[in-house]
Amino acid sequence: MDGDVASYPARREPARGTPAEAAASARTVAAGCGSLGRDRAENLLRAAGKLAGYGIPTGLEPVPQVLLHPSVTERFTAHGPGLSGAARGRCAPA
């Protein structure tokens, strides 16, 4: 994989308003996924950053083992801010 693409998660600037702790957590998640294409890395970083931004203020530890736990992701898809109805429908558990 091209070095430029492989280093993308570490170089990506977080979205405006994303707390530094949430951005760092998103980078940790992306780093744990191995080689990703740029588009896939971008989507993962954005989603993981939103999830961390939701979890950190509620007192959750910003580590993948906590934020990616099924109970946290289900609560986020049901109640997290900034998700459209269509996104909630795609994310809802079966």
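Observations on the model:
- Residue satisfying all of: in region 28-87; of a type in the set (S, T, N, Q) and farther than 22 Å from GLY17 by Cβ; surrounded by the most Cβ atoms within 10 Å (Cβ to Cβ) among these: SER35
- Elements of type helices (runs of 4 or more DSSP H) in the chain, at least 2 residues being under 11 Å from the mean Cα position of the chain (by Cα) and modelled with pLDDT of 85 or more: 20-31, 38-55, 64-67
The values are calculated or read from the model by the stated rules, or taken from the named source; none is laboratory data. Every value quoted in this text rests on a predicted model; they were computed, and no experiment measured them. Cβ sites come from the backbone with ideal geometry, for glycine too, and all protein chains shown count toward neighbours.
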